[in-house]
1. Within region 169-208, take every residue that is surrounded by 15 or more Cβ atoms within 10 Å (Cβ to Cβ) and of a type in the set (S, T, N, Q) and give me the one that is modelled with the highest pLDDT.
2. What tally of residues in region 48-58 results from selecting those that are part of a strand (DSSP E or B) and either at pLDDT 95 or above or among the acidic types (Asp, Glu) (or both)?
3. Out of (1) within 24 Å of Met99 (Cα to Cα); (2) surrounded by fewer than 17 Cβ atoms within 10 Å (Cβ to Cβ); (3) modelled with pLDDT under 85, what's the single condition that is false for Asp61?
4. Kindly check whether there is at least one residue in region 75-86 that is modelled with pLDDT under 90, farther than 27 Å from Gly181 by Cα, in a loop (DSSP other than H, G, I, E, B) and over 15 Å from the mean Cα position of the chain (by Cα).
5. In region 29-79, which residues are free of Cβ contacts under 8 Å to residues at least 60 places away in the same chain and among the charged types (D, E, K, R)?
6. Inspect all residues belonging to region 93-106 and state whether any of them is touching a strand residue (DSSP E or B) at 6+ places or on another chain (Cβ under 8 Å) and either closer than 22 Å to Gln198 by Cβ or part of a helix (DSSP H, G or I) (or both).
7. Considering only region 70-89, I want to know if a residue exists there that is polar (S, T, N, Q) and buried (at least 19 other Cβ atoms within 10 Å of the Cβ).
8. Just the residues that are on the phi < 0 side of the Ramachandran plot and either in a loop (DSSP other than H, G, I, E, B) or in contact with a Cys (Cβ under 7 Å, 6 or more places away or on another chain) (or both), please, taken from region 173-193.
Amino acid sequence: MGTDPSGDRRRVILLAGPSGSGKSTIVRSAGLPILYLDDFYRAGTDPDLPRDPDLGIVDWDHPGSWDRQGALAALEMLCREGRAQVPVYDIATDGPHGMHEIEVGSSPFVAEGIFAPELVADLYTRGLLLDAIVLRRTPWKNLVRRAARDLKERRKPPGTILRRGLHLFGVEESVVGRAMGAGCRPLSARQTREALAQHRSGAVAGTRSAS
């Protein structure tokens, strides 16, 4: 933990974790406002998107598939004004569909997504980071949750869901490790719920160091 340079301004809780680890469900149960960082994915028609050499499809787990600057600008606006216009992204069609406004009021809020670690250093430097967490859960359970979700929501063809799911299962520990290296602290689902409840009640102060 570092010192808190932000005074009474709204601050961000970054929540990272592998796809399917239950990030959104945990945040919603905590009752905190949430910004979905997945809404800042670039359009699937962008010819410069990175591609996975093994799967032969767009590598949606590569930071180059995501609008980091757009996400950072939205977070700064939310901290300053309490509201911001953000994209609406449709995973099934690989593209944004308009904009919508989100409001966070005067409380801390959560920005969750697999690319949350990409924002730790910038938010910390700006005095806008309250906490940075990476959700660590059993990989095979994440595999099952991810497959059930993606099939139910018809995010991709079943074959793509299976191939991508097995690939993500194989790299999950490295995903968590990179998040820790960026400054996120690894917590279980129970510990994450407790941390968010403490932040919501104002019982926890301070920011995560980006080192």
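The values are calculated or read from the model by the stated rules, or taken from the named source; none is laboratory data. Here the structure is a predicted model, which means the values were calculated and not measured. Using ideal geometry, Cβ is built from the backbone for each residue, glycine included, and neighbour counts are taken over all protein chains shown.
1. Going through the qualifying residues, I end up with Thr192.
2. 0
3. Here Asp61 clears every test but (2).
4. No, because not a single residue in region 75-86 is modelled with pLDDT under 90, farther than 27 Å from Gly181 by Cα, in a loop (DSSP other than H, G, I, E, B) and over 15 Å from the mean Cα position of the chain (by Cα).
5. Answer for region 29-79, where residues must be free of Cβ contacts under 8 Å to residues at least 60 places away in the same chain and among the charged types (D, E, K, R): Asp39, Arg42, Asp46, Asp48, Arg51, Asp59, Asp67, Arg68, Glu76.
6. Yes; the residues of region 93-106 include at least one that is touching a strand residue (DSSP E or B) at 6+ places or on another chain (Cβ under 8 Å) and either closer than 22 Å to Gln198 by Cβ or part of a helix (DSSP H, G or I) (or both).
7. Among the residues of region 70-89, not one is polar (S, T, N, Q) and buried (at least 19 other Cβ atoms within 10 Å of the Cβ), which makes the answer no.
8. Hits for region 173-193 are Cys184, Ser188.
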